[in-house]
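To start, the structure itself, in structure tokens.
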Amino acid sequence: MPAYNQRGFPMFSTLRTSALCAAAAMLTLAALPGGAWAQSAGHRDAGAYHIFATPSYEARTGRNPHLSLGEMEYFGGTVFTGVEVVSVMWGSDVNSTTVAEIPDFSAAIVNSTFLQQLSEYSTKHVKSVDHHKSSNQTIGLGTFYGQVQITPKNQNLTITDKDIHKELEYQIKIGALPPQGPNVLYMIYFPDDVTITLDGLTSCVDFGAYHFAVNDKKEVPNNIFYAVEPGCNYSFANITYAASHEFAEATTDNIPTPGSNPAYPQAWNNSDGYEIGDLCEGYSGELTDATRSYEVTQVYLNSKGGCSTGNYTSPP
């Protein structure tokens with residue numbers, strides 16, 4: 001079992017990653033597509049959502065770490081060709097370190113060797129396993145649109161994922177947020193005292209983050225892509241680790257759909273429904289820009305047959 005840090009995230013050093021990946025296709029620890037966990041333990045949980053699960057969720061449900069073999073397969077869905085990240089602060093009470101540091105982190109990750117390595121999941125000239133027409137896209141470097149502090153219309157301290165849908169649509173409508181687009185990813189950071197419920201699961205208790213799309217049934221021009229990052233009193237290193245996990249998965253799998261039976265409009269998953277961050281959960285590296293370093297996840301790479309290793313730089 002992995003060691004857990006003070007905020008409850010499993011952590012492995014970068015140096016251990018290569019050996020562990022070589023020894024066992026990949027050990028999935030905490031980030032679980034709902035159906036894949038349900039398949040292994042006979043329990044229904046987050047349905048269509050790929051959650052970044054907490055150790056307490058694992059302990060309560062009795063799940064043991066298990067192997068899920070790569071490689072990633074393509075199911076015909078879209079990817080981000082040049083992701084445009086908008087960091088969204090949910091009100092005025094988001095942790096001050098998150099507010100101050102996320103812009104630099106966001107600007108670094110969209111223009112980095114971390115993102116550059118994901119180009120192997122471009123879909124140009126790639127045939128989908130279920131014979132769906134390819135989106136025919138190339139993953140390139142992205143841009144950081146900027147950071148926006150919204151004044152939520154919904155001031156409740158307990159909200160649902162549907163509430164987040166509605167709030168995003170409202171904030172875009174009134175012009176507080178830039179309009180949605182095929183490469184726009186809203187990464188939403190929440191105050192520590194805001195609780196998010198998701199198909200019977202609770203933020204910080206059951207999950208530490210997830211990504212989704214407002215329309216999860218098909219590709220539509222007006223879809224809204226977003227990642228949910230609860231505060232949970234996590235350290236800033238935990239925040240960037242979880243954010244990098246969701247960033248990588250949203251880039252390579254815009255529209256996650258029900259868990260252990262991946263199908264269009266999903267893009268890249270393995271046959272069990274895991275995304276590229278899930279298979280490397282717990283393995284970390286550093287992303288360094290001109291001023292500082294940030295903790296980030298490692299990701300599964302088909303070209304390696306296992307997790308990425310080492311550290312990353314911005315610019316590439």
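The values are calculated or read from the model by the stated rules, or taken from the named source; none is laboratory data. Computed from a prediction, not measured in an experiment: that's the story for all the values here. Glycine also receives a Cβ, built like all others from the backbone with ideal geometry; neighbour counts cover every protein chain displayed. Accessible surface is based on the protein model in full, side chains and every heavy atom, while ligands, DNA and RNA are left aside. Shrake-Rupley method; radii C 1.70, N 1.55, O 1.52, S 1.80 Å.
Take Leu168 and tell me if it is modelled with pLDDT of 95 or more and either open to solvent by less than 10 Å² (accessible area, probe 1.4 Å) or farther than 20 Å from Ser106 by Cα (or both).
It is true that Leu168 is modelled with pLDDT of 95 or more and either open to solvent by less than 10 Å² (accessible area, probe 1.4 Å) or farther than 20 Å from Ser106 by Cα (or both).
Restricting attention to the range 150-163, which residues are in contact (Cβ under 8 Å) with a residue 40 or more places away in the chain, surrounded by 14 or more Cβ atoms within 10 Å (Cβ to Cβ) and outside any strand (DSSP E or B)?
Passing the criteria: Pro152, Asp161.
How many residues, within the range 99-112, are open to solvent by 10 Å² or more (accessible area, probe 1.4 Å) and assigned to a helix (DSSP H, G or I)?
So the count comes out to 6.
Taking the residues in the range 179-200 that are part of a strand (DSSP E or B) and among the polar types (S, T, N, Q) as candidates, determine which candidate is surrounded by the most Cβ atoms within 10 Å (Cβ to Cβ).
Restricting to residues being part of a strand (DSSP E or B) and among the polar types (S, T, N, Q), the top hit is Thr195.
Which condition breaks for Gly142 when tested against (1) within 21 Å of Met72 (Cβ to Cβ); (2) surrounded by fewer than 18 Cβ atoms within 10 Å (Cβ to Cβ); (3) in contact with a Phe, Trp or Tyr (Cβ under 9 Å, 6 or more places away or on another chain)?
Every listed condition holds for Gly142 apart from (2).
For (1) assigned to a loop (DSSP other than H, G, I, E, B); (2) under 30 Å from Leu301 (Cα atoms); (3) within 18 Å of the chain's Cα centre (by Cα), each residue gets a yes or a no:
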| site | (1), (2), (3) |
| --- | --- |
| Gln116 | no, yes, yes |
| Lys127 | yes, yes, no |
| Phe144 | no, yes, yes |
| Val148 | no, no, no |
| Leu177 | yes, no, no |
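What residue, among those in the range 294-305 that are of a type outside the set (D, E, K, R) and more than 16 Å from Ser119 (Cα to Cα), is farthest from the chain's Cα centre (by Cα)?
Restricting to residues being of a type outside the set (D, E, K, R) and more than 16 Å from Ser119 (Cα to Cα), the top hit is Tyr294.
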